[in-house]
């Protein structure tokens, strides 16, 4: 089986992080001494997933200038290519639109993680890819206990390990997932492969349709995880680091 590739989502404007993101894209904000996006990049490389696509829009040229082709990031080899949505279409294409745009660079099975999520202990492994690839599912999601800012969560998990859209107990989608390219084609997604017209599309509707068809699995990740979505959460992460010294 060919080594799975990965996509790190880095095209968002970061409105809730303003004014910090007025001149700096959110993936480049410093978290514990590193650009925020460097944490998932290093974790992917440590797991042996060296081929990464990064999508950009807002101040995307800064992201490419900082990370380049990935050489020298962490201790493991890394090779980055870019999908410049802002340059090509004037704005971000949302998650499903962006993934569809990058699909020709991703292969049949691939990882996706947001570049603004801090989850340093998550392990990207071949075993997880193999388990998913042989499952026949369209997606496998890692869910986390609900943070205080998202108390109602997103999805539940059935006794069989399937994601549920309607459940008494719901968890928050971490943004870390494995996907099959099939999810981003008909009948789930009407946008043409490669998204040549730059159509915008959210991921939630695709996932919910596949969940209804029992084609999405899920599990809990209970390691350190933060959606760095506000200046307060960023400050809290960095304050915890200083208090440990």
- Inside the range 107-134, the number of residues satisfying the requirement of being surrounded by 15 or more Cβ atoms within 10 Å (Cβ to Cβ) and within 25 Å of residue 169 (Cα to Cα) is 9
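This table checks each residue for (1) modelled with pLDDT under 95; (2) crowded, with 21+ Cβ neighbours inside 10 Å; (3) within 21 Å of residue 90 (Cβ to Cβ).
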site: 178; (1), (2), (3): no, yes, no
site: 184; (1), (2), (3): no, yes, no
site: 189; (1), (2), (3): no, yes, no
site: 194; (1), (2), (3): no, no, yes
site: 202; (1), (2), (3): no, no, yes
site: 207; (1), (2), (3): no, yes, no
site: 214; (1), (2), (3): no, no, no
site: 219; (1), (2), (3): no, no, no
- Task: Those residues that are part of a loop (DSSP other than H, G, I, E, B), more than 24 Å from residue 122 (Cα to Cα) and touching a residue at least 12 places away in the same chain (Cβ under 8 Å), I need them from the range 193-212; list them, please.
- Result: 193, 194, 195, 198, 199, 200, 201, 202
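Quick check on the range 40-51. Is at least one of its residues farther than 17 Å from residue 76 by Cα and at pLDDT 95 or above?
Quick first cut of the range 40-51, residues farther than 17 Å from residue 76 by Cα only: none.
No: the range 40-51 contains no residue that is farther than 17 Å from residue 76 by Cα and at pLDDT 95 or above.
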- Write out, first by first residue and then by second, each pair whose Cβ atoms fall under 6 Å of each other, whose residues are 6+ apart or on separate chains, and whose first residue, in the range 141-168, is within 21 Å of residue 124 (Cβ to Cβ) while the second is loosely packed, with under 15 Cβ neighbours inside 10 Å. 143/220
- Message: Out of the residues in the range 76-89 meeting the condition of being in contact (Cβ under 8 Å) with a residue 40 or more places away in the chain and surrounded by fewer than 23 Cβ atoms within 10 Å (Cβ to Cβ), tell me which one is farthest from residue 49 (Cα to Cα).
- Response: 89
- Scope the range 53-65; condition in contact with a strand residue (DSSP E or B) (Cβ under 7 Å, 6 or more places away or on another chain) and modelled with pLDDT of 95 or more; matching residues: 53, 54, 55, 56, 63, 64
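Let's see how each residue does on (1) in contact with a strand residue (DSSP E or B) (Cβ under 7 Å, 6 or more places away or on another chain); (2) surrounded by fewer than 14 Cβ atoms within 10 Å (Cβ to Cβ); (3) within 30 Å of residue 236 (Cβ to Cβ); (4) at pLDDT below 95:
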{"site": "97", "(1), (2), (3), (4)": "no, no, no, no"}
{"site": "103", "(1), (2), (3), (4)": "no, no, no, no"}
{"site": "139", "(1), (2), (3), (4)": "yes, no, no, no"}
{"site": "148", "(1), (2), (3), (4)": "no, yes, yes, yes"}
{"site": "151", "(1), (2), (3), (4)": "no, yes, yes, yes"}
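The values are calculated or read from the model by the stated rules, or taken from the named source; none is laboratory data. Since we're looking at a predicted model, the values are computed, not measured. Note that we place each Cβ from the backbone using ideal geometry, even for glycine, and neighbour counts take in every protein chain shown.
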